[in-house]
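Data first, discussion second: the structure below is written as structure tokens.
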């Protein structure tokens, strides 16, 4: 999941998903609706995702801004990893490193300060030191289901999975929905966007989809434990999510299928062309 950080598309700053003291975190009476498949999985992994997120603090690749209110700064992959660590319960160590009071920091300080010299290494060292002192950090409450899925509903055969891997490897950013359907066939569900009457019954497009000009998504399952797509479990179900912009371009793909790699934009220029421009021609 940490390799898929560039596919995080929704981070809600007003919601602290996880508190350091998990004993007082209220448990949902039913399995939660997925807000963002990468983010939700990394949070639900509790302490197991801490090492990889801490490693990714040094990742300086560009990625689309996943904040619901992107007012200041342009976060890189390492900056988004830090946001998720804080949501999981890790203390914000950056103010002390920057020798500022928390109230004196602007949002862009969280992206500007790490970009200077060895600051990313210093941030990573401080997070690791904090985690050593707080070994009980970042557990997650158990998910309570009304009806626990006791057996898998659907699972691809090894032969079908090999075929899926071959066909999904043919996808290229910039393809049209029709071109994707011709290669992959009919998806298990289609989310046509927030204005569609059945959007929330499927819930593939996140809160920030409009900010990214994404208005269409397909889902393909290779293993499925529940029929409720909005309540899919990114740690149990195996599936691929394909996203398209309002310009009619295939933009990115989430995959928690180990045999099929994810797809995401490599640069802001590519992203802007997919979001707002014409299709990218295969070189």
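Length available on full extension from residue 3 to residue 52: 0.36 nm per residue minus the Cα-Cα distance, which gives 16.8 nm.
To make sure I understand, if each residue's beta carbon is the centre and we count other beta carbons within 10 Å, what order do 274, 205, 45, 181 fall in, fewest to most?
On the way: 274 27, 205 24, 45 19, 181 15.
Fewest to most other Cβ atoms nearby, the residues stand as 181, 45, 205, 274.
Among 132, 219, 84, the largest mean-square fluctuation in a Gaussian network model of the chain (Cα springs under 10 Å) belongs to 132.
Principal-axis analysis of the Cα atoms of the chain puts helix 77-88 at an angle of about 80° to the longest axis. In percent, rounded to a whole number, the relative contact order of the chain is 21, using alpha-carbon pairs under 8 Å and six or more apart. Across 212, 99, 199, mean-square fluctuation computed from a Gaussian network of the chain (C-alpha pairs under 10 Å connected) peaks at 99. Quick one: helix 119-133 against the long Cα principal axis of the chain, what's the angle to the nearest 10°, folded into 0 to 90? Roughly 80 degrees between the two axes.
Counting neighbouring Cβ atoms within 10 Å and putting the fewest first, the residues 38, 74 line up as 74, 38. Computing Rg and Dmax of the Cα atoms in Å directly from the structure and comparing it against (i) 19.3, 58; (ii) 20.0, 66; (iii) 26.1, 89 singles out (i). Principal-axis analysis of the Cα atoms of the chain puts helix 158-168 at an angle of about 80° to the longest axis.
Readers should treat all values here as calculations from the given coordinates under stated rules, not as data from a laboratory. Please read all numbers here as calculations on a predicted model, not as lab measurements. Cβ sites come from the backbone with ideal geometry, for glycine too, and all protein chains shown count toward neighbours.
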